[in-house]
Amino acid sequence: MKIEQVRPEDIERRSFEIITELLGERQPSEETAHIVKRVIHTTADLEYAESLYFSENAAQILSRALAEGAHIITDTQMALSGINKKALSVFGGQVHCFMADEDVSLQAKKRGVTRACVSMEKAAALSVPLIFAIGNAPTALLRLDELIRAGVVIPRLVIGVPVGFVNVVQSKERIMTAGVPCIVAKGRKGGSNVAAAIINAGLYRLAEEK
């Protein structure tokens with residue numbers, strides 16, 4: 001097999017060219033391509049071309065919310081680490097993960113619920129525009145769905161991409177009907193890296209437009 005010679009600074013560009021070639025007739029819409037291809041670049045999984053669900057104008061809503069300095073709530077330190085905080089700070093945004101907070105842990109133990117549930121409640125109390133990027137815990141997505149339906153929080157956007165088996169599909173289906181803008185990885189696939197990739201895709205698109 002012939003080794004392709006690519007300069008270091010051109011590796012990412014060439015990767016996206018290969019993704020476009022491999023997708024063939026399955027090209028995503030112009031509106032969502034930067035997100036879909038960023039997720040495929042992160043995971044090397046072409047199935048995301050079909051499984052990523054976007055509510056109406058979700059890609060534009062993500063860009064607008066980021067540009068207006070929305071804060072991002074994640075359910076893992078891995079997602080928090082993967083989000084490009086330097087790019088986020090340009091627009092005044094911040095990213096938070098409350099999973100390891102002592103008060104969250106104590107409340108979860110006292111009530112017999114997951115820390116992910118309590119962390120969503122803590123995030124809902126913030127008085128700033130919020131984007132939720134859930135890549136691991138379906139219980140976070142289910143509790144967020146309850147908070148949305150109760151009118152406790154109205155997120156600018158929900159990224160629902162938890163990975164796994166227990167209540168994963170159900171949690172995604174619930175958030176798709178919660179009445180808020182969302183980007184969801186249908187099925188069991190997803191992960192913290194996918195959640196971060198979607199946020200970064202929005203940030204990089206904004207940087208290109210500046």
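The values are calculated or read from the model by the stated rules, or taken from the named source; none is laboratory data. Bear in mind the structure is a predicted one, so any value in this text is a computation, not a measurement. Glycine also receives a Cβ, built like all others from the backbone with ideal geometry; neighbour counts cover every protein chain displayed. For the accessible areas, the whole protein counts, side chains as well, though only heavy atoms, and no ligand, DNA or RNA atoms are used. Shrake-Rupley method; radii C 1.70, N 1.55, O 1.52, S 1.80 Å.
Of the trypsin sites (Lys or Arg not before Pro) in region 1-68, which ones lie in a loop per DSSP and count no more than 16 other C-beta atoms within 10 Å?
2
On the accessible surface of region 71-210, probed at 1.4 Å, how many percent belong to carbon and sulfur atoms?
55
Taking the chain as the reference, fit the longest principal axis to its C-alpha atoms, fit the long axis of helix 33-43 to the helix C-alpha atoms, and give the angle between the two in degrees, 0 to 90, nearest 10.
The angle comes out at about 90 degrees.
Relative contact order of the chain, please, whole-number percent, based on alpha carbon pairs below 8 angstrom and at least 6 residues apart.
The normalised contact order for the chain reaches 24 percent.
Students often forget the sequence filter, so: which lysines lie under 26 Å Cα-Cα from residue 86 once same-chain residues fewer than 8 apart are removed?
Qualifying lysines at Cα under 26 Å: 37, 122, 210.
Which of 56, 12, 31 ends up with the largest GNM mean-square fluctuation for the chain, with Cα atoms connected below 10 Å?
Answer for the Gaussian network model of the chain: 12.
Can you compute the FRET efficiency between residue 170 and residue 113 using 1/(1 + (r/R0)^6), with r the Cβ-Cβ distance and R0 = 22 Å? Round to the nearest 0.05. Can you show the working numbers first?
Details: r = 17 Å, r/R0 = 0.77.
Given R0 = 22 Å and the Cβ-Cβ separation, E is 0.85.
Just the accessible area per residue of the chain, please: how many Å² with a 1.4 Å probe?
For the chain, the solvent-accessible area averages 50 Å² per residue.
If you roll a 1.4 Å probe over region 1-70 with all protein chains in place, what percent of the accessible area is carbon or sulfur?
C and S atoms contribute 51 percent here.
Mind grabbing the base-10 log of I(q)/I(0) for region 128-185 at q = 0.23 Å⁻¹? Debye formula, identical points on the C-alpha positions, no solvent, two decimal places.
Normalising to I(0) and taking log10 leaves -0.80.
Quick one: among 98, 132, 165, which has the greatest mean-square fluctuation in a GNM of the chain with alpha-carbon springs under 10 angstrom?
Residue with maximal mean-square fluctuation among 98, 132, 165: 165.
Over all Cα pairs of the chain, how is the pair count split among 5 Å bins, expressed in % and running from 0 up to the last occupied bin?
1, 8, 16, 20, 21, 15, 9, 5, 3, 2, 1, 0
Taking Cα atoms, how many degrees apart are the long axis of helix 11-23 and the longest axis of the chain, rounded to 10 and kept between 0 and 90?
Taking Cα atoms only, the helix is inclined about 90 degrees.
Testing the spin-label approximation: label points 7 Å from Cα along Cα→Cβ at residue 94 and residue 106. State their distance in nm.
2.1
Enumerate the lysines that residue 172 could reach by cross-link, defined here as Cα to Cα under 16 Å, with residues fewer than 8 away along the same chain left out.
186, 189
Relative contact order (percent) for region 68-152, with alpha-carbon contacts under 8 angstrom and 6 or more residues of separation?
37
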